[in-house]
Number of protein chains: 2
Amino acid sequence: MNLKELSQKLGLSQTTVSRALNGYPEVSAATRKRVQEAAKASNYRPSTRAKGLATGKALTIGHVIPVSSKHEIVNPVFGDFIAGASETYARNGYEMLLSIVDDAQEEQIYRGMKSRQSVDGVIVHGPKMNDLRIGLLSDLGLPFAVHGRASGCDIPYTWLDMNNRQAFERATRYLLELGHRRIGLINGLEEMDFAYRRRNGYIAAHRSYGIATDPQLMRSDEMTEAFGYESSRDMLRQANPPTAIIVSSLICALGARRAVEEHGLTMGKDVSIVSHDDVFSYLQNGNATPIFTATRSSVRDAGRQLAEMLLNVIRNPTAPPRTVLLDAELVIGGSTGPAPRKD
Amino acid sequence: MNLKELSQKLGLSQTTVSRALNGYPEVSAATRKRVQEAAKASNYRPSTRAKGLATGKALTIGHVIPVSSKHEIVNPVFGDFIAGASETYARNGYEMLLSIVDDAQEEQIYRGMKSRQSVDGVIVHGPKMNDLRIGLLSDLGLPFAVHGRASGCDIPYTWLDMNNRQAFERATRYLLELGHRRIGLINGLEEMDFAYRRRNGYIAAHRSYGIATDPQLMRSDEMTEAFGYESSRDMLRQANPPTAIIVSSLICALGARRAVEEHGLTMGKDVSIVSHDDVFSYLQNGNATPIFTATRSSVRDAGRQLAEMLLNVIRNPTAPPRTVLLDAELVIGGSTGPAPRKD
DNA sequence: TAAGGCAGCCAAAGCGCTTTGGCTATGATT
DNA sequence: AATCATAGCCAAAGCGCTTTGGCTGCCTTA
């Protein structure tokens, strides 16, 4: 069923039917009602393609998920982020186009999206420091919004980020207050902007306590369970092992716990662990009482909000970019305790 | 840059330029080369919408991810499955449209996709027993392929599934051979087809050993870490606790391990655990030696393959549906051992 | 009573492509 | 020399919508 057929069936012109369905005022109430009912009855929905051609809007948002060819890892935050964004799109009549793409091809993908006009805007995931995509999208004139920020990009753009630095400074300080003096950091990949900020927070807290950080206690890589396990194990094997570890993701933290227990140590007593918790739906940090003490910020909420912000950029392209900095809360769970006394 | 501009610049008709770029024979080699170079130079790419309108193809595949309103959980298998499918689409010039959708609205979404012609076909995720979607899509005439199967749907359709029943029968038998006689089952939601088949395998193995299964040892719910933990904890608290547990997902298995250790027991000695491993990229089951003994089948491979199958359905709609049944391998890790002797 | 305003409808153009049905040379065939 | 393929190009229609620019008839207003 298309517009033509529907209008013929109703004995009206395509113009009138179109206007009736799209809420234009030049249609009598009676006609509008008749049209709407007929549309529903014959299950009519306008072709997205034709509508897009006519209006120049795609009513579609692109999400480009980078998968490093080296690691081949799909960051688990995307699932929940996208679920959040999707809610916003559904409410606003937008659809979501997903490209999972090798780092190297990313530029081509964005250029393609622009020239084929397949999307009205894109969400940039996983910004790196000095991320090239921001300049590119800005040059292309393709509306975008960034989940995170890119240190070193000085052009203004729309972003939503969590206060990574402050969260990790607070978490580190919390451990320092508990008396810990050797604190490990298991972080995401060096080049990721969030990892850079988190490390800065970790270092700042140490500095304010007049304590030097030890490169031996700082690791960064793709945040898998295995990475959490191996780096914790290696740290614990050192001559002067840490009494606490800060971990950038719950998944890593599961690995860290495994290492701690394998060493015959007790988490929260012999070794304290603080994690960041993105609040994945399938990986709650305990129910009533959190398992891990954690800095917490829901990535799903972030998705909802950032999608909303992008739609605003699209609706109002000349407005100055808006930015949102979310605060992570620090929830205290069972994985931390006072630093053990040296006997 | 659009076709009209490009053809004017070249002094050719739109027809010729279009044919040159799409590989039709009615164009001289010299002209074709000239057109291709000009297209590349001016970064021309045809508008997907216009092309779609003209050809009737969307060059887009829809993925509808159901999120139960009750649980609000994004199944972590989707991330890797989609990454796999995406590789296939990229190779074939297709794009991926994602809808994350409340169970209740699913029918509307499929009808919408059909009538708006926004996709050429869809992948059905997470089939339930007697899944209504299969009949619906079949009626709508929207090409589809199912990741899994739906017991009770007798119309033929294209699917790719893992041999759930056999995998769990083998895993259970492995534990029985090790002398375990009380084996717990922590399974996915009852209504999911895969859960039904896995339970059947579990039961069949018991039966072939002449052992009755105990309802007290069988749980099923959304497969979160917390669910794995809580059900294991409850089982271990029973008067006659299991000496082994089979778990439907690594994420659940992490929870199960937590419960085992919290009970002061050792995994692989006091309690054996076998899991299913979907080979998530961020959650490897150990490196050299697997942590968990597990039935293993890569969901990413499944995505690659099923996408290929769907494209075939689209290209050749009248061909009889093809089906693929993957065998899961059983990898032996450190989480299983002989049943402890009763003293 | 004539002029003007407006509510309510319509025909047709246009969005950027593909594709049908030509047309015109050129070279081969008889 | 006349006929016929054929290679190589083009104009125009059509895909399903929106939107511009009317047109008609009724109701106000002076």
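The values are calculated or read from the model by the stated rules, or taken from the named source; none is laboratory data. Remember, it's a predicted structure, so these values are computed and weren't measured experimentally. Neighbour counts are summed over all protein chains in view; Cβ atoms, including those assigned to glycine, are modelled from backbone coordinates with ideal geometry.
Brief remarks follow.
- Considering residues of the range A:267-282 that are surrounded by fewer than 24 Cβ atoms within 10 Å (Cβ to Cβ) and under 22 Å from the mean Cα position of the chain (by Cα) only, the residue farthest from the other protein chains (Cβ to nearest Cβ): A:Val279
- Residues satisfying the stated conditions in the range A:313-343, i.e. closer than 30 Å to A:Thr60 by Cβ and touching a residue at least 40 places away in the same chain (Cβ under 8 Å): A:Val313, A:Ile314, A:Pro317, A:Pro320, A:Pro321, A:Arg322, A:Thr323, A:Val324, A:Leu325, A:Leu326
- Criterion (in a loop (DSSP other than H, G, I, E, B) and either modelled with pLDDT of 95 or more or within 14 Å of another protein chain (Cβ to nearest Cβ) (or both)) met by exactly one of B:Gly255, B:Gly264: B:Gly264
- Scanning the range A:73-96 for residues that are within 7 Å of another protein chain (Cβ to nearest Cβ) and acidic (Asp, Glu) returns A:Asp80, A:Glu95.
- Check on B:Ala328, small (Gly, Ala, Ser) and at pLDDT 95 or above: yes
- Residue in the range B:205-212 that is surrounded by fewer than 23 Cβ atoms within 10 Å (Cβ to Cβ) and within 20 Å of the chain's Cα centre (by Cα) present: no
- Only a single criterion out of (1) of a type in the set (Gly, Ala, Ser); (2) near DNA strand D (Cβ under 7 Å from one of its atoms); (3) under 43 Å from the mean Cα position of the chain (by Cα) is not satisfied by B:Gly11, namely (3).
- B:Arg197 vs. criteria surrounded by fewer than 22 Cβ atoms within 10 Å (Cβ to Cβ), more than 30 Å from A:Ala226 (Cα to Cα) and among the basic types (Lys, Arg): no
- Count of the range A:14-36 residues which are part of a helix (DSSP H, G or I) and within 10 Å of DNA strand D (Cβ to nearest atom): 8
- Criterion: under 20 Å from the mean Cα position of the chain (by Cα), small (Gly, Ala, Ser) and assigned by TED's automatic domain parsing to the domain that holds B:Arg304 - qualifying residue of B:Ser118, B:Ser68: B:Ser68
- Pair list, Cβ < 8 Å and 6+ apart or interchain, from the range B:22-37 residues that are touching a residue at least 24 places away in the same chain (Cβ under 8 Å) to residues that are near DNA strand D (Cβ under 9 Å from one of its atoms) and assigned to a loop (DSSP other than H, G, I, E, B): B:Val35/B:Leu12; B:Val35/B:Val27
- Filtered residues of the range B:97-121 (kept if in contact with a Gly (Cβ under 6 Å, 6 or more places away or on another chain) and more than 7 Å from chain A (Cβ to nearest Cβ)): B:Met113, B:Val119
- Inspection of the range B:229-244 identifies at least one residue that is closer than 20 Å to B:Ile183 by Cβ and β-branched (Val, Ile, Thr).
- Test: residue in the range A:65-72 that is more than 16 Å from DNA strand C (Cβ to nearest atom), hydroxyl-bearing (Ser, Thr, Tyr) and touching an Asp or Glu at 6+ places or on another chain (Cβ under 9 Å): yes
- Checking B:Phe81 against (1) more than 14 Å from DNA strand C (Cβ to nearest atom); (2) free of Cβ contacts under 8 Å to residues at least 24 places away in the same chain; (3) not polar (S, T, N, Q), the condition it does not meet: (2)
- Condition met for B:Val122 (touching a helix residue (DSSP H, G or I) at 6+ places or on another chain (Cβ under 6 Å) and hydrophobic (A, V, I, L, M, F, W, C)): no
- Test: A:Arg341 is outside the structural domain of A:Asn92 (by TED's automatic domain parsing), at pLDDT below 95 and in a helix (DSSP H, G or I): no
- From the options A:Arg304, A:Arg296, residue that is in contact (Cβ under 8 Å) with a residue 60 or more places away in the chain and under 22 Å from the mean Cα position of the chain (by Cα): A:Arg304
- A:Gly126 meets each of the listed conditions (1) touching a residue at least 60 places away in the same chain (Cβ under 8 Å); (2) within 16 Å of DNA strand C (Cβ to nearest atom); (3) on the phi > 0 side of the Ramachandran plot apart from (2).
- Picking from residues in the range A:16-47 that are of a type in the set (Ser, Thr, Tyr) and more than 21 Å from B:Leu53 (Cα to Cα), the one that is nearest to the other protein chains (Cβ to nearest Cβ) is A:Ser42.
- Counted residues, the range A:57-72 - those being at the interface with chain B (Cβ under 8 Å from one of its Cβ atoms) and free of Cβ contacts under 8 Å to residues at least 40 places away in the same chain: 2
- Pair list, Cβ < 9 Å and 6+ apart or interchain, from the range B:205-228 residues that are within 16 Å of B:His276 (Cα to Cα) to residues that are part of a loop (DSSP other than H, G, I, E, B) and among the basic types (Lys, Arg): B:Glu222/B:Lys70
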